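Have a look at the structure below before the remarks.
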Amino acid sequence: MGVAVEAPREHVLMSPRPLPESLADQAFSTARALDLGVGRGRLRGPDLARPFHGVRVHGARAPTAVRERAVALAPRLRDNWCFSHLTAVALWGLPLPPSARSERTPLHVGALGGRGPRRQGVVGHDLAADVTRFRVDDLPVVDPVVAWCQCSQLLTLDALVAIGDALLGSWSAHPLARARPAGELASAVDARAGTRGAGRLREARELSRPKVESPKETELRLLLHRAGVPEPEINVRRRDDAGRYLGKLDLSWPAHRVSAEYEGDEHRSDPRRWRNDIARAERFADAGWRMVRVTQHDLHGPAAARLVTRFQHLLAP
């Protein structure tokens, strides 16, 4: 007599129960979800990440970018809370070193006229009640100049100069975070006299310049400045002796007809830009200019020393 063999059972994976429409595709607080009748078991579902205590976001992986994490925390912000310091700088689209915008960097949140939040993944700050707030992508943030000043103890001098250059220049996509008057930055720095980090902030303001268009231009300019190279003109459009337009130069010393051009990877990887760069360099060469093209490699170590020596020779009286 044959032995009956039991057919293998099929395991059916059940899809998570749909959430209320008002919670779909956005970060939400668990308190709000419970009020809408969502069970605690559903809030532990594998399709919901938990970036902060009391917050859920759709997806199995928690957000990592600064803006994504700020959006995730937004449902837990109180009415007098706003993003400040490094987080506000990032949300305004101003430059930060990688270490200050990594997924391991906590979010900075300030409380106006009260005590800042104390929770994992967040650094709380007590702010004056009259600090001006704005909304960037519907997120509450302090004024970008205020955020720059708040970072005086958190960033190196060069990182502060890069932000100062950006505030005076045109980097950010947000109008309020670009083309700020130099006098406004000076007044903000003066208002922090006597506080920790005020000296570094004052030096950063003195080294910041308008018209700079990238953090690498800032890095190159500071390298040459510290070596005693004369102050360059920044992003000036140049013409030849006959009045024909040649192009715009990152850093230039017109009395010597010498310029420095920073070349990022996009100059090499974009064929059209690469061709235009070559044609522009030839126009300047025909007009008697010496264009020094600089890459990331030239900004550190022995290569930086050689670069400095080259400019000292080219700009010698």
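The values are calculated or read from the model by the stated rules, or taken from the named source; none is laboratory data. Values in this document were obtained by computation on a predicted structure and should not be read as measured data. With ideal geometry, Cβ positions are generated from the backbone for all residues, glycine too; neighbour counts draw on all protein chains shown.
I'd like to verify a number: residues in region 158-208 that are over 25 Å from residue 128 (Cα atoms), touching a Lys or Arg at 6+ places or on another chain (Cβ under 8 Å) and part of a helix (DSSP H, G or I), how many?
The number of residues fulfilling the criteria is 3.
Taking residue 307 as the residue in question, decide whether it is surrounded by 10 or more Cβ atoms within 10 Å (Cβ to Cβ), touching a residue at least 60 places away in the same chain (Cβ under 8 Å) and touching an Asp or Glu at 6+ places or on another chain (Cβ under 7 Å).
Working: surrounded by 10 or more Cβ atoms within 10 Å (Cβ to Cβ): yes; touching a residue at least 60 places away in the same chain (Cβ under 8 Å): yes; touching an Asp or Glu at 6+ places or on another chain (Cβ under 7 Å): yes.
So residue 307 passes the test.
So which of 35, 79, 25 is among the acidic types (Asp, Glu) and closer than 20 Å to residue 127 by Cβ? Reasoning before the result, please.
On the way: 35 fails: closer than 20 Å to residue 127 by Cβ; 25 fails: closer than 20 Å to residue 127 by Cβ.
The unique qualifying residue is 79.
Among the residues of region 243-266, what is the count of those that are surrounded by fewer than 16 Cβ atoms within 10 Å (Cβ to Cβ), within 29 Å of the chain's Cα centre (by Cα) and part of a loop (DSSP other than H, G, I, E, B)?
Count: 1.
Pick from region 209-242 the residues that are part of a strand (DSSP E or B) and over 24 Å from the mean Cα position of the chain (by Cα): which of them is surrounded by the most Cβ atoms within 10 Å (Cβ to Cβ)?
That would be 238.
Examine region 61-69 for a residue that is surrounded by fewer than 12 Cβ atoms within 10 Å (Cβ to Cβ), under 25 Å from the mean Cα position of the chain (by Cα) and modelled with pLDDT under 75, and state whether such a residue exists.
First, the residues of region 61-69 that are surrounded by fewer than 12 Cβ atoms within 10 Å (Cβ to Cβ): 61, 64.
Still in the running and under 25 Å from the mean Cα position of the chain (by Cα): 61, 64.
Cutting the leftovers down to modelled with pLDDT under 75 gives us 61.
So far as region 61-69 goes, yes, one or more of its residues are surrounded by fewer than 12 Cβ atoms within 10 Å (Cβ to Cβ), under 25 Å from the mean Cα position of the chain (by Cα) and modelled with pLDDT under 75.
When you go through 156, 132, 195 one by one, which is the residue that is within 30 Å of residue 69 (Cβ to Cβ), of a type in the set (S, T, N, Q), modelled with pLDDT of 95 or more and not assigned by TED's automatic domain parsing to the domain that holds residue 258? Spell out how you get there, then give the answer.
Working: 132 fails: modelled with pLDDT of 95 or more; 195 fails: modelled with pLDDT of 95 or more.
Just a single option satisfies the conditions, and that option is 156.
Among the residues of region 35-53, is any surrounded by fewer than 16 Cβ atoms within 10 Å (Cβ to Cβ), in a strand (DSSP E or B) and not assigned by TED's automatic domain parsing to the domain that holds residue 177?
Within region 35-53, not a single residue is surrounded by fewer than 16 Cβ atoms within 10 Å (Cβ to Cβ), in a strand (DSSP E or B) and not assigned by TED's automatic domain parsing to the domain that holds residue 177.
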